[in-house]
Each structure stands twice: as C-alpha cells, then as structure tokens.
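*Asks:* Here's a structure for you.
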Amino acid sequence: MSSVNENSAKFDWVKGFTVDFDLKTGMSTSDAVSSKRHVSNLKGMFADDKATDELITNGDPLVYEFYEMGAPEKEGDLAFGSSITYPGKVGNEFFMTKGHFHTILETAETYYCISGKGYMLIESPEGDWSAQALSPGKMLYVPPRYAHRTINTGDMPLVTIFCFRGDAGHDYGTIETKGYRKLIVQNDGKEEIIDNPKWK
C-alpha cells in the first residue's frame, strides 16, 4: 500500500470517525484514497513476460485498486480499507495483487470478502505456504510472518476489507525480487497451483 501519513490528516483519529464502503464494489465515496495498479505496475511479476508486454501495449488494463484510510503509522492504531482485484489473466495466470510482507514481520492481518471469489496466497520466509479460498462472507486471518497476495479466479471483482496494525509498514521489495514460490493458473478450464518458474 502507499504511504499513509499524507492521508491521515483527513480523519480525526483522536475523536473517531465513520467512513463508507459499498458492500458490492468495495469503493468509498468518503475521503478514502484510491490507489490503482495496472499490468505495467506488475511487469516482471507474472510468469509470462510476452503476454504481459502484449497487455501493456494493448491498453494496460487495471489489475487491482485499494482504498485506504491513512492511519497514523504508530503502535496502537489500526490501518484499514478495501481492496478490489479485477477479473482477468496474463497468459494463463489469474490477475493478482503484488503481495507483500509487513516491514514489522510479526504482523497479522485480517481480510473479509464481500464479493467475488479467489484465493489469498500466503507464504512465510521459511517456505511454508497455503492458498486460502475467498468467497463472500468469509473472513481470512493472515498470521504474522506471512506474505500475502490476493488472486481473482472468478469473473467479477474480488472485493475484501482489510485491517492491520498502523505501524506495520509494507515490504514489497522482497516479493518484487524473489516472487512467490507458487502461482495460480488456469489449465484446461481448471484452477491449478504450480511452481513459479521465476522464484529465486
């Protein structure tokens, strides 16, 4: 997620505040800040570089966006917002978020799915991993030390509401450098988890 300090002044974190999230789209008409990620923002992260370049050349579609509340980055505060991963594929690999560890590695996070379907791929630095199914009404707990990435395997936006400690920070660099050990792809019309040929 982007830096939250610049957004925190919009809300009275001392006295409390309310904010809306549409329970179908995940979008907010309040002062939540939307950040968008297109295929070009994930260049090199999908397995099929040729398919990635073709999509970038032919419109560079939106892969995901998120709305965040700009929590103060300090202990005791909670950051929260919504994440929307759109349907689509790069080659045979489903659209996904970049994924991240938290800078404070011992940080857990929760996600509540309000629409769509897919998976949260989670992975520890030691190599333990799992793919947790997401569907409307399911709440997911991501344990401390686990990187997490949302993957949309359906034909409509996959929308989640997330919450984590305000000072946790985000480590995207490790994922950008190493990738995830596993990918979720579609082969012969079926979802399949495979080894990532780019994993380092």
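*Asks:* Apply the a/c threshold of 1.5 to the C-alpha gyration tensor of the stretch 154-200 and tell me whether it is rounded, prolate or oblate.
*Replies:* Verdict is oblate for the stretch 154-200.
*Asks:* Convert each backbone phi in the stretch 107-117 into a coupling constant with the Karplus relation 6.51 cos²θ - 1.76 cosθ + 1.60 (shift: θ = phi - 60°), then list the ³J(HN,Hα) values in order as whole Hz, x for Gly and Pro.
*Replies:* These are the phi-based 3J(HN,Hα) values: 10, 9, 8, 10, 9, 10, 8, 10, 6, x, 8 Hz.
*Asks:* Could you derive backbone 3J(HN,Hα) for the stretch 156-164 from the dihedral phi with the Karplus parameters 6.51, -1.76 and 1.60 (θ = phi - 60°), listing whole Hz in sequence and x where the residue is Gly or Pro?
*Replies:* 9, x, 9, 10, 10, 10, 10, 8, 7
*Asks:* Relative to the Cα centre, what is the charge dipole magnitude of the stretch 5-195, using +1 at the beta carbon of each Lys and Arg, -1 at the beta carbon of each Asp and Glu, and rounding to the nearest 20 debye?
*Replies:* That gives the stretch 5-195 a dipole magnitude of about 260 debye.
*Asks:* Step through the residues of the stretch 119-127 one at a time and calculate ³J(HN,Hα) from phi using the Karplus curve (6.51 cos²θ - 1.76 cosθ + 1.60, θ = phi - 60°), rounding each to whole Hz and writing x for Gly and Pro.
*Replies:* Running phi through 6.51 cos²θ - 1.76 cosθ + 1.60 with θ = phi - 60° gives 9, 10, 8, 10, 7, 8, x, 7, x Hz.
*Asks:* Picking from 121, 158, 140, which is most flexible by a Gaussian network model of the chain using Cα springs under 10 Å?
*Replies:* So, out of 121, 158, 140, the one fluctuating most is 140.
*Asks:* Which residue, 90, 19, 159, tops the fluctuation ranking in a GNM of the chain built on C-alpha contacts under 10 Å?
*Replies:* So, out of 90, 19, 159, the one fluctuating most is 19.
*Asks:* Separate question: Considering only DSSP states other than H, G, I, E and B, which GluC sites (Glu not before Pro) in the stretch 99-200 qualify as loop sites with at most 15 other Cβ atoms within 10 Å?
*Replies:* Here the GluC sites (Glu not before Pro) that fit, given the DSSP loop and packing criteria, are 106, 126.
*Asks:* If the reach is capped at under 21 angstrom between alpha carbons, list the lysines near residue 36, excluding any in the same chain fewer than eight residues apart.
*Replies:* Residue 36 reaches 10, 24, 89, 98, 117.
*Asks:* Would you kindly work out the equivalent ellipsoid of the chain from its C-alpha gyration tensor and give its semi-axes, the square roots of five times the eigenvalues, largest first in whole Å?
*Replies:* The equivalent ellipsoid of the chain has semi-axes of 27, 19, 16 Å.
*Asks:* Need one word for the stretch 87-200: rounded, prolate or oblate. Basis is the Cα gyration tensor (sqrt eigenvalues a ≥ b ≥ c); a/c below 1.5 gives rounded, then a/b vs b/c decides.
*Replies:* It comes out oblate by the Cα gyration axes.
*Asks:* Right, another one. I want to verify a result. In a Gaussian network model of the chain, Cα cutoff 10 Å, which of these has the top mean-square fluctuation: 26, 166, 127?
*Replies:* Result for the chain, Cα springs under 10 Å: 127 fluctuates most.
Each value in this text was obtained by applying a stated rule to the coordinates, not by laboratory testing. Values in this document were obtained by computation on a predicted structure and should not be read as measured data. No Cβ is skipped: glycine too gets one built from the backbone with ideal geometry, and neighbour counts run over all protein chains shown.
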